[in-house]
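Chemist: One structure, pasted below without further comment.
The values are calculated or read from the model by the stated rules, or taken from the named source; none is laboratory data. Please read all numbers here as calculations on a predicted model, not as lab measurements. Ideal geometry is used to build each Cβ from the backbone, glycine not excepted, and the neighbour counts take in all protein chains shown. Just so you know, the surface numbers come from the protein's heavy atoms only, side chains and all, with ligands and any DNA or RNA stripped out. Shrake-Rupley method; radii C 1.70, N 1.55, O 1.52, S 1.80 Å.
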Amino acid sequence: INYISDATFIDTGISKSISYELKASYQQQKWTLRSFPDGIRNCYRINITQGVRYLIRATFMHGNYDGQDNNLPEFGLHLGPNMRDMAKIKNASYTVNKELIHVPTLNYIHVCLVNTNLSTLFISAIELRPLNNKTYVTQSGSLALLFCTDQGSLTDRAYSHNDYQLPSVVMSTAAMPKTNSSPLVFNWDSETATSEYYIYMHFAEVVKLKANQYRSFNIILNGQYWYGPVVPKNMSTTTVFSTVAMRIAKQYEVSMIKTENSTLPPIINALEIFSIKNLLQSETDQQDVDAITKIKTTYGVKRNCQGDPCIPQAYLWEGLNCSYDGYNSPRIISLFILLLTYMELSMFPWPNNFYEGIDTPLLIDSQSHNDYQLPSVVMSTAAMPKTNSSPLVFNWDSETATSEYYIYMHFAEVVKLKANQYRSFNIILNGQYWYGPVVPKNMSTTTVFSTVAMRIAKQYEVSMIKTENSTLPPIINALEIFSIKNLLQSETDQQDVDAITKIKSTYGVKRNWQGDPCVPQAYFLIKTTYGVKRNCQGDPCIPQAYLWEGLNCSYDGYNSPRIISFISSEEENTDMGFVLSFR
């Protein structure tokens, strides 16, 4: 398996490393982990192929990364909206693996860590392996690994003539009883009174049998004949498995007993026991998820927007209302209006005693007929006053005495009007007529917006008032308010930026070298020669409080700064090698 960084699959968490003393004992993908000191639920979103059977493995290796090996965590592990298992870390030096074989119904999965007892969540690796859809088939549910005799390696998973493709490193060894006449027995207790299990037993003859040798045995389950005789093939895998869930019992005992004509005892190379996990709760409707995810991405929402938007209800995304119909896919039915200040979203609440909502299950066409292209999930709901004659009013206080604002109001008629119904209204700003009349189009978006900044005021009040010939009250589907931010300071000269960025990429500089890198071509030669490693983050010259170490810059008002000198350190060298793993 190729391990890649997890940074593009999650928005939260901090990269950490296990203690140095433990690294020699583990593969490199377990050297680092992601810790989640904040948030109740932290989720990965991973794109996969819908309908393909996957082995999904979550790995947890604490490794005393936080110096708290006497206070080890316990937390929930969810797949999408369904509780999958509990991750209980009992020893900082041991690895905990949680495996599930699952066929996703969507083109992505959410793997979520849920804080259940004020622990600090963490995870070391998530591994996904597509399997042959003919294997590990169940009548219902997914398969959670309870026990296996040899977890082996997920690499080089190939062995001759078998769809299960177990690794050679697993199939090249086998267990047998200590005496020729003894059975090979294993047993386990049921997890709960209703737990159901599937068993997969893998056999291969790993020695060259002599002419007078023969191996054959039957499999007995809880005292009853289950399968046989099994005659392992030389250097080739045979898999015996349950086609339906095993009969419920408090305890299970599987025995392999040699047949009368067998000269050799039974063997087994690999054993897998899975319990059935019925992940009954469907994810939120795919179209709704796509729409709300687009909003999240477009506006850079960072608040409580992890995992499935509606399920579980305890972790419902802020600002959403969802409808629930048993185990069917939840639907997003309303999205609170958002106040946007330079692309940073904050809630703009509509008081429930002043308005009520209307909505439609149909799609609002805002993609082809409106340049703003608001998602249908946003435009399919609208707010209106509680009484027909009341205005629809909202207001906000100015942030400062000089703040200036632009407003964008989006309208669509979400109900089919009768022949005697008509909706029309004017928009009033701080007591003055501003725009109108507005006549929302049926199932199509109209956007009304300010073409210049609104006149400066201490407070702003926008009212929508029905016209005399209107039989219906005003409505609004979405509202955006932006404040103007004048970003006056120019970045460092572009040639300087390109040069220092190349230095940063080439030498893997991690200190104060981020953002706009203000370095002339001459500086590139200095950096290449002396392998500078010092603090180089953000713009090298601006703001001056964060000037890169060793640089002197020239400043000319709001024009682009230039680097005019550089002081090197004798301690720095070009040895900057490093290895990236799960971060």
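Chemist: For Ile428, Ile199, Ile257, write out the residues from largest to smallest accessible area, computed with a 1.4 angstrom probe and no ligands counted. Intermediate results must be reported in sequence, preceding the final value.
Modeler: Working: Ile428 35, Ile199 0, Ile257 80 Å².
The ordering from most to least exposed comes out as Ile257, Ile428, Ile199.
Chemist: Next question. Taking the stretch 422-478, which trypsin sites (Lys or Arg not before Pro) meet the DSSP loop condition and have no more than 13 other C-beta atoms within 10 Å?
Modeler: On the way: sites: Arg423, Lys441, Arg455, Lys458, Lys466; in loops: Lys441, Arg455, Lys458.
Those satisfying the criteria are Arg455, Lys458.
Chemist: Treating the beta-carbon of each Lys and Arg as +1 and of each Asp and Glu as -1, no other charges, what is the dipole magnitude of the stretch 46-152 about its Cα centre, to the nearest 20 debye?
Modeler: Values: 8 positive and 7 negative charges, 72 e Å.
In debye, rounded to 20, the stretch 46-152 gives about 340.
Chemist: Sticking with this one: Which of the listed residues, His62, Thr8, Ile18, is farthest toward the dipole's positive end in the stretch 1-84, when Lys, Arg count +1 and Asp, Glu count -1 at the beta-carbon?
Modeler: Of the listed residues, the answer is Thr8.
Chemist: Just read off the accessible area of Ser5 with the full protein assembly in place, 1.4 Å probe, to the nearest 10 Å².
Modeler: 50
Chemist: Could you put Asp290, Asp189, Asp371 in order of accessible surface area, largest first, with the 1.4 Å probe and the full protein assembly present? Don't skip to the end; give the middle numbers.
Modeler: Working: Asp290 75, Asp189 100, Asp371 150 Å².
Putting Asp290, Asp189, Asp371 in descending order of accessible area: Asp371, Asp189, Asp290.
Chemist: Right, something else. Accessible area per residue for the stretch 205-315 in Å², computed with a 1.4 Å probe and the full protein assembly in place, what is it?
Modeler: Details: 5650 Å² over 111 residues.
Solvent-accessible surface per residue comes out at 51 Å².
Chemist: Using amide H atoms built in the peptide plane, which far-off residues or other-chain residues are under 5 Å from Tyr214 H to H?
Modeler: For Tyr214, whose amide H was placed from the backbone, the distant partners under 5 Å are Thr263, Leu264.
Chemist: Which whole-Hz ³J(HN,Hα) couplings does the stretch 24-38 yield from phi under the Karplus relation 6.51 cos²θ - 1.76 cosθ + 1.60, θ = phi - 60°, glycine and proline marked x?
Modeler: Along the stretch 24-38, the couplings run 5, 8, 10, 5, 4, 5, 9, 6, 10, 8, 10, 9, 10, x, 10 Hz.
Chemist: Quick query: amide H of Asp85 versus all other amide H atoms, modeled in the peptide plane; which residues come in under 5 Å with a sequence gap of 5 or more or a different chain?
Modeler: For Asp85, the qualifying residues are Leu77.
Chemist: DSSP loop chymotrypsin sites (Phe, Trp or Tyr not before Pro) in the stretch 1-46 with at most 16 other Cβ atoms within 10 Å of their Cβ, which ones? Can you show the working numbers first?
Modeler: Details: sites: Tyr3, Phe9, Tyr20, Tyr26, Trp31, Tyr44; in loops: Tyr3, Tyr26, Trp31.
In loop regions of the stretch 1-46 (DSSP not H, G, I, E or B), the sparsely surrounded chymotrypsin sites (Phe, Trp or Tyr not before Pro) are Tyr3, Tyr26.
Chemist: If you don't mind, there's one more thing I want to ask. Over the stretch 52-210, what percent of the accessible surface lies on carbon and sulfur atoms, probe 1.4 Å? The partial results should precede the final answer.
Modeler: On the way: 3480 of 7280 Å².
C and S fraction of accessible area: 48 percent.
Chemist: Quick one: which of 190-197, 79-86, 140-147 comes out on top by average Cβ neighbours within 10 Å, and what's the full order, highest first?
Modeler: Working: 190-197: 14.0, 79-86: 19.4, 140-147: 17.4.
Result, highest mean first: 79-86, 140-147, 190-197.
Chemist: I've got another one for you. Relative to the Cα centre, what is the charge dipole magnitude of the stretch 1-48, using +1 at the beta carbon of each Lys and Arg, -1 at the beta carbon of each Asp and Glu, and rounding to the nearest 20 debye? Walk me through the numbers before you get to the answer.
Modeler: Working: 6 positive and 4 negative charges, 17 e Å.
Approximately 80 debye in magnitude.
Chemist: Using a simple charge model, +1 on the beta-carbon of Lys and Arg, -1 on the beta-carbon of Asp and Glu, nothing else, what dipole does the stretch 368-487 show about its Cα centre, in debye to the nearest 20?
Modeler: Values: 9 positive and 8 negative charges, 77 e Å.
Dipole magnitude for the stretch 368-487 comes out near 360 debye.
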